[in-house]
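The values are calculated or read from the model by the stated rules, or taken from the named source; none is laboratory data. Predicted model only: the values in this text are computed from it and were never measured. Here the Cβ is made from the backbone with ideal geometry for all residues, glycine too, and neighbour counts use every protein chain on show. These area figures cover heavy atoms from the full protein model, side chains too; ligands, DNA and RNA do not enter into them. Shrake-Rupley method; radii C 1.70, N 1.55, O 1.52, S 1.80 Å.
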Amino acid sequence: MSNDIYLYGCPNHIVELYEQLTAQGDKVRSLKTAKADKADVDAAIQLLLKLKVDYKEVTGQDYKAGCPPSGTAVSNDRQSENGGEEDTVDPWNVATNSAKGVDYDKLIVRFGSSKIDQELVDRIEKVSGQKPHRFLRRGIFFSHRDMNQVLDAYEKQKSFYLYTGRGPSSQAMHVGHLIPFVFTKWLQDVFDIPLVIQLTDDEKYLWKDLSLEDCHRFAEENAKDIIACGFDVNKTFIFSDLDYMGSSPEFYRNVVKVQKHVTFNQVKGIFGFSDSDCIGKISFPAIQAAPAFSSSFPQIFKGRKDVQCLIPCAIDQDPYFRMTRDVAPRIGYPKPALLHSTFFPALQGAQTKMSASDANSSIFLTDTPKQIKNKVNKHAFSGGKDTIEEHREQGGNPDIDVAFMYLTFFMEDDEQLEKIRQDYTSGILLTGELKKMLIETLQPMITAHQENRKNVTDEMVKQFMTPRPLNFNF
Ligand code: TRP
């Protein structure tokens, strides 16, 4: 992993922005010294202020004359705990050197989000009246923005809606892809609110070597797996960007509003785009932002533009929504709130996200019970010791053990999970036995998903994907 990636790549552009700011500061000073026309001085100051806002947005820090941005020119000398290397987390890359996976507490500080602490979990329980989902109990959804505000409003009978999505890059979905949907389904059930699901077939066309038709077909195929999670057709709208963008004037108007309020400099800083990226990529973030505004769905919200949005997503999507939150007040909309999840580890270990193109890197929703067994036994990275004797004596390390990590995602019973953790750590439980427990958890889960998916007809997909009012009064 490279050392010079800081806040979504392209530190050069941060440096460029810094230099532009410095030059503009000099200009303002010299205009003032020269007692130039008031209008000229004001215009120069306006530009200076705007650059400062851009700078803060891109770096998370205030501009200070004479202090170049940290993590750019100085990043190579910077030493952090893991030997001077920061985890890389952006919508396209996730990499860390630690077998335990990304350091999520540090990510919260770097991204400026808030930790989902016990107090917030308790509050969600109190407001919803339901036992918190295991993803909340176990810190899998670990970070948020403005969740307290959503709960405050909900307590005052002010409703909100959910927005999540998926980039349909292939037919093959793995268990990790279901995490946000499983959690979103729970949120929808406990709060009884509308849900919109964006399938970014346009994004995948722009980023991958795929035809438009393939991307659109993958969107419909993926919709079946999503519907199989149990969403209620009366409360859920699933849409393909390729279809919905062209059919909804309101949606497109919001895209254009966002496009007008974000500069090339900003997206370069946030996403690391370069001058040779196609212009489709550069404007795409506006398309992922638009569903966070209720006026993009007049059929659901009856034209209301003030319905608060809550976005459950993996933390790598946060850059899109930092941008969205920055723009929202400037175009007269509420900022969306967010709930962020950790990544689902690859079978080979928590250093990276899984790849849909490597069949052995995860459990796919189409795997047979036998494939599941073989993959777990053969490929799941183990925190156990090399020999049984050693393992019995020293115990295993659940923190780096992928079978254990997977169980924390899928095993419902807290006490059982805790007992497994203790027994594995002390050496009572062997790696083979731990893997067997995982296999026995995954096999029925995947079989049930396949049954559900078989029952999703083309007609049902069409229903979910048709713009229509939902069962809510706005
Ligand atoms: N960009 C996301 C991906 O590639 C898809 C997406 C669109 C999304 N809108 C979203 C994910 C909202 C989470 C929340 O997977």
Please arrange K260, K435, K38, K27 by accessible surface area, largest first, computed with a 1.4 Å probe and ligands excluded.
K260, K38, K27, K435
Using only Cα atoms, what Kirkwood radius does the chain have, in angstroms?
24.1
Wrap a convex hull around the Cα atoms of region 130-217, take a quarter of its surface area, and give that in square nanometres.
7.1
With DNA, RNA and ligands ignored, accessible area of V456 (1.4 Å probe; Å², nearest 10)
10
Pull up the DSSP beta bridges for the chain and report the antiparallel fraction as a percent, rounded to 5.
40
Whichever lysines have a C-alpha closer than 29 Å to that of K257, once near sequence neighbours (fewer than 8 apart) are set aside
K50, K52, K56, K158, K204, K208, K235, K268, K281, K302, K305, K335
Name all residues of region 15-38 having a backbone nitrogen under 16 Å from the label point set 7 Å from the Cα of Q61 along its Cα→Cβ direction, giving them as ranges.
15-22
Helix 318-327 vs. the chain, principal-axis angle (Cα, 0 to 90°, nearest 10):
40
Run the accessible area of the chain with a 1.4 Å probe and give the carbon-and-sulfur part as a rounded percent.
51
Taking a label point 7 Å from the Cα of N93 along the Cα→Cβ vector, which residues of region 102-122 have an amide N closer than 16 Å to it?
102
On the full set of protein chains, 1.4 Å probe, figure out the accessible area of E86 and give it in Å² to the nearest 10.
40
Assuming a viscosity of 1.002 mPa s and a temperature of 20 °C, what translational diffusion coefficient in µm² per second does Stokes-Einstein assign to region 318-438, Rh being the Kirkwood radius over Cα pairs?
130
Please give the helix 175-191 orientation as an angle from the longest Cα principal axis of the chain, in degrees from 0 to 90, rounded to the nearest 10.
80
Find how many whole Å separate the alpha carbon centroid of region 117-166 from the alpha carbon centroid of region 225-263.
23
Extension gain E412-K156, at 0.36 nm per residue separation less the Cα-Cα distance, in nm?
89.0 nm
With every protein chain kept in place and a 1.4 Å probe, the chain has an accessible area per residue in Å² of 45
For E221, tell me the accessible area in Å² from a 1.4 Å probe, rounded to the nearest 10.
50
At 1.4 Å probe size, put C309, C278 in order of accessible surface, largest to smallest.
C278, C309
What is the Cα centroid distance between region 319-381 and region 180-219, reported in whole angstrom?
13
Estimated FRET transfer efficiency when R0 is 25 angstrom, pair N473-R253 (beta carbons, to 0.05):
0.55
